[in-house]
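Everything below concerns the one structure shown next.
Every number in this text was worked out from the coordinates using simple rules, so none of it is lab data. Every value quoted in this text rests on a predicted model; they were computed, and no experiment measured them. Note that we place each Cβ from the backbone using ideal geometry, even for glycine, and neighbour counts take in every protein chain shown.
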Amino acid sequence: MEDPQHSSAKRQQHAQTFTSHITHTSLECQLLSTQAPKTELENKLREKDVYIKTLKRDQQFLAEREQAEWEEKEKEWDAGAEEKRKAEADLGMSLFELEVVVMQHRVTSGVRLVEFLSQDLDCGVMFLCGRPVFCKLLLVDLMLTSLHLMTPSRPS
């Protein structure tokens, strides 16, 4: 016959082994149940990283495109300003030439010099080669020169 203590110790050992096995199985189940959500979260994280990289790349592309468009607009504005300056200079020269023709016509049509000089020749300031020129003084000088050239010289 077996010793009752021995059989009780054996039962107790079997119970501990069974409890240990149950606990171990329970922990394995918990581990497996947490690994699936962990893998799912890792996949989502990778997807979000890819999405963030795509957004950053798009942002960089848009910033570069905006910079290029801005530079193009600046070039267009500069070109427009240059064209405007040239047009204004051409217009100033045209007005100047017109005033010279009018003065020459007045001189050749017999308007006396005193009457001509007493008229108000206020044509303001024009820009010649980028510098201001007072038209009234220049026109009077041109008129005197043309008058001098047009008057016949007397034989001495």
*Give me the number: length gained by fully extending residue 55 to residue 20, i.e. 0.36 nm times residue separation minus the C-alpha to C-alpha distance, one decimal in nm.*
7.4 nm
*Quick one: if the Förster radius is 35 Å, what FRET efficiency do residue 30 and residue 64 give, using the C-beta to C-beta distance and rounding to 0.05?*
0.10
*According to a simple spin-label model (label point 7 Å from Cα along Cα-to-Cβ), what is the distance in nm between residue 3 and residue 73?*
9.9 nm
*asked:* Under the rule a/c < 1.5 gives rounded, and otherwise a/b versus b/c splits prolate from oblate, where does segment 1-111 land using the Cα gyration tensor?
replied: prolate
*Averaging over all projection directions, find the projected area of the Cα convex hull of segment 20-66 and quote it in nm² with one decimal place.*
3.1 nm²
*asked:* Suppose each label sits 7 Å from its Cα in the direction of the beta carbon; what would the residue 12-residue 46 distance come out to in nanometres?
replied: 5.2 nm
_Computed label-point distance, nm, for sites residue 81 and residue 39 using a 7 Å Cα→Cβ extension_ = 6.5 nm
_Over segment 51-106, what portion of Cα pair distances is larger than 17 Å, expressed as a whole percent?_
64 percent
*Using a 10 Å cut-off on Cβ atoms, rank the peptides 23-29, 85-91 from the highest mean neighbour count down.*
85-91, 23-29
